[in-house]
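Here is the structure we will look at, set down as C-alpha cells.
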C-alpha cells in the first residue's frame, strides 16, 4: 500500500502524566510547528494514557482518518508503563520481535555507562515486526520507524531533548524530501483600542484577500483600559520570499483597517 | 438517556494555534489535574483544528468511547473561526438557536463597556437547541452546558483565565456532587545514583504493593555524573487522610528499595 494522498499529519501523545495534569504537553507544540513549517497539515492530536488498547486505538484512528505521517511521543522507555511499542504493534497486528540493530544500539549505550543488559533494557530493543530502530543521540531508547495503512509512523520518546534530537537528525530530512516543499512565513502585530468582536469582520476581510494566509487574533487583556489584541498572520508558498511577502501584505492590510477604526498598531519583529 | 456508567472524562481542545505550535496547551494540564482530583478518570484528549467537521467528529468520538463528562476549550468567541458551538451542534444533530438568556449575558457585558450588539457579538448567544449558557465572570463569551449521548458536555473558552473562572465557579461544584467522591494525594522524591532501567523493577514492585497508588518516574538528567530521577506517587481513596497515607506508604517503600541500590533520596514537599 502506498502512502496516503495529501500531507496530513497526526500527532499521538502517550502518557498518564499528560492527562492527570502532571506534565504540560510542550512536545505537541514543538512537533506541530516543525511539521507545519515542513508543509504538512497537522489535522489532529490524540492524547492517550499508558494503556495498550487506548494506544492501539489512537494509531488506528489517525491512520483511518487519512494521515500520511503519524508521530508519537512518550512511552518508549524501559519501565513497565512504557507501552507505546506494544500498543502500536497491536494496531498493526504485528508480533513483537527482538531487533538486532536496536539491541546493538541499546547495548552500546549501557556498556558505555558501565551497566549490564537487563530484561528491562532489552525491552527497548523489542520492535513490531517490519519496523526499524532510529538511533537516539541523547538517551537510551531508540526511536522506531514503521508503516500503518497509508501512514509513515515514527515513535519517539517523550523526553523533549531526546524527541527533538531524533526528529531533527533523522526524521526532518526525510519528511522534507517526501513533503510538498512548501515555505512558511509569519507576521505579528498588536492593536490597542479595538475590541475583538469589532476586529472580527476585518479579519474576515483580510483573510478573503489571500488564499494562502491565515489570521488569528489573540485577546491579551487591556492596556490602560483599552482592549489589546495580538494578531498572527501566517502564509505559505513554494518560495520563502513569496511566503514572507504574502504574510506581510495581509498583515499590513489588516493593520490599516484596524487603524482606521482608531487602533494603535505596534509591529512585533 | 442517563449518564454513562463510570467516571470517564474526555477533554477536547479546539484551535489551529495548538496544532501549528503557536500556543502550548496548558488548559489540558489544568483541566486534567482538576478532573483527576475530583475523582474522574481522564481517558483521552482530542485536539482538532477550527473546523466544524473535525470538531463534530471529536465530540462524537469522546461520547462513543463512553465519556460521562466531556469538557472542551477554545473556539467560543465572536470571530468567524470560533466554530466549537457549530461543530458540537452538528455532533448533536441539533439546530442553532438564539438563546435569550445567553443574549442577555452578552448584551450586559457589551453595554457595560459602551459597545453595541453586532452580528458577531450575537453569534456568541447562539446555542445548540436544548443547551444552557453558563455565565462567564471574566470575558464575554458564555460557556455552554449540554448533553451528548451519555455524556454531560461543557464548552469553555480557550482563554485560560475565562476557562478557569467558569470551571471553578460553575462546573467544579456540579462535578463534585455527581462524582465518585474520591480523594487524591501525592508524594514526590528524587533519587540520585540509580539509572531509570535499574529503578524500573523496583517501581513495579512498589505498585504491586498497592491497588490505589500510581508511580511515575521522570528522568531529570544527571547530577555530578550520576543519574537523577524524580518519582511521583499518586494515590486515591474515599478519605483524604487515607489517600495521603497510601501515597506516603508507597513512596517510602520505593525510596527504601532505591536506597538499598545505593541511591541518595531527597524528599520534595
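Counting only DSSP beta bridges with both residues in the range B:8-178, the antiparallel share comes to about 40 percent.
Using only alpha carbon pairs under 8 Å that are at least six residues apart, calculate the relative contact order of the range A:42-100 and give it in whole percent.
Working: 51 pairs, mean separation 21.9, N = 59.
After rounding, I find 37 percent.
A viscosity of 1.306 mPa s and a temperature of 10 °C, combined with the Kirkwood radius over C-alpha pairs in the Stokes-Einstein formula, give the range B:172-212 a diffusion coefficient of 118 µm²/s.
For chain A, the longest principal axis of the alpha carbon atoms and the long axis of helix A:52-64 meet at an angle near 50°. With R₀ fixed at 25 Å, the C-beta to C-beta distance from residue A:261 to residue B:161 puts the FRET efficiency at about 0.50. Anisotropy class assigned to the range B:183-268 is prolate, per the alpha carbon gyration tensor with a/c at or over the 1.5 cut-off and a/b larger than b/c.
For every helix of n ≥ 4 consecutive DSSP H residues, a contribution of -39,500 (n - 2.57) applies; sum these over chain B, divide by its total residues, and give [θ] at 222 nm rounded to the nearest 500 deg cm²/dmol. Show your work: numbers first, answer last.
On the way: 10 runs with 104 residues, N = 269.
Taken over chain B, the calculation gives -11500 deg cm²/dmol.
For the range A:1-88, the convex hull drawn through the C-alpha positions has a volume of 97 cubic angstrom per residue. Note on residue B:211/residue A:60: beta-carbon distance plugged into 1/(1 + (r/R0)^6) with R0 of 35 Å gives a FRET efficiency of 0.70.
Please compute the contact order of chain B in relative form: average sequence separation of alpha-carbon pairs under 8 Å and at least six residues apart, divided by the residue count, as a percent. Dividing the mean separation by the residue count of chain B yields 17 percent.
Placing a label point 7 Å from Cα along the Cα-to-Cβ axis, residue B:95 is separated from the same position in the other copies by 6.0 nm, shortest listed first.
When all alpha carbon pairs of the protein assembly as shown are counted in 20 Å bins from zero, the resulting P(r) reads 21, 51, 26, 2 %. Pair-distance distribution P(r) for chain B, from all Cα-Cα distances in 5 Å bins starting at 0: 1, 6, 12, 14, 14, 13, 11, 9, 8, 6, 4, 2, 1, 0, 0 percent. Overall size of the range B:1-150 from C-alpha positions, given as principal axis extents largest first: 45, 38, 30 Å. Under 20 Å from a label point set 7 Å out along the Cα-to-Cβ vector of residue B:238, the amide N atoms of the range B:22-40 belong to B:37-40. Compared with the dominant Cα axis of chain A, that is its longest principal axis, helix A:240-260 is turned about 40°.
Below 8 Å between Cα atoms, with a sequence gap of 6+, how large is the relative contact order for the range B:127-269 in percent?
On the way: 236 pairs, mean separation 33.8, N = 143.
Rounded, it is 24 percent for the range B:127-269.
Average 1/r across all pairs of distinct alpha carbons in the range B:53-137, invert it, and you get the Kirkwood radius: 13.7 Å. The alpha carbon centroids of the range B:217-269 and the range B:21-69 are separated by 29 Å.
Roughly speaking, what is the stretch gain from residue A:94 to residue A:26, that is 0.36 nm per residue apart minus the C-alpha to C-alpha distance, in nm to one decimal?
Working: separation 68, 0.36 × 68 = 24.48 nm, distance 3.06 nm.
So the chain would gain 21.4 nm between residue A:94 and residue A:26.
For a Förster distance of 25 Å, can you work out the FRET efficiency between the beta-carbons of residue A:129 and residue B:204, rounded to the nearest 0.05?
My answer for the efficiency is 0.45.
Between this copy and the others, label points of residue A:65 are 1.0 nm apart in ascending order, each placed 7 angstrom from Cα in the Cβ direction.
The label-point distance for residue A:33 and residue A:248, in a model that sets each label 7 Å from Cα toward Cβ, rounds to 2.2 nm.
Relative to the first principal axis of the alpha-carbon coordinates of chain A, what is the inclination of helix A:100-112, with its axis defined by its Cα atoms, in degrees from 0 to 90 and to the nearest 10? Tilt relative to chain A: about 90 degrees. Globularity index of the range B:129-242 is 1.56 (Cα radius of gyration / 2.2 N^0.38 Å, N = number of residues). Between identical copies, the spacing of residue B:117 label points, each set 7 Å from Cα toward the C-beta atom, reads 7.3 nm from nearest to farthest.
FYI, it's all coordinate maths here, none of it is from the lab. Just so we're clear, the structure is a prediction, and the values are computed from it rather than from any experiment. Neighbour counts run over all protein chains shown; Cβ positions are idealised from the backbone, glycine included.
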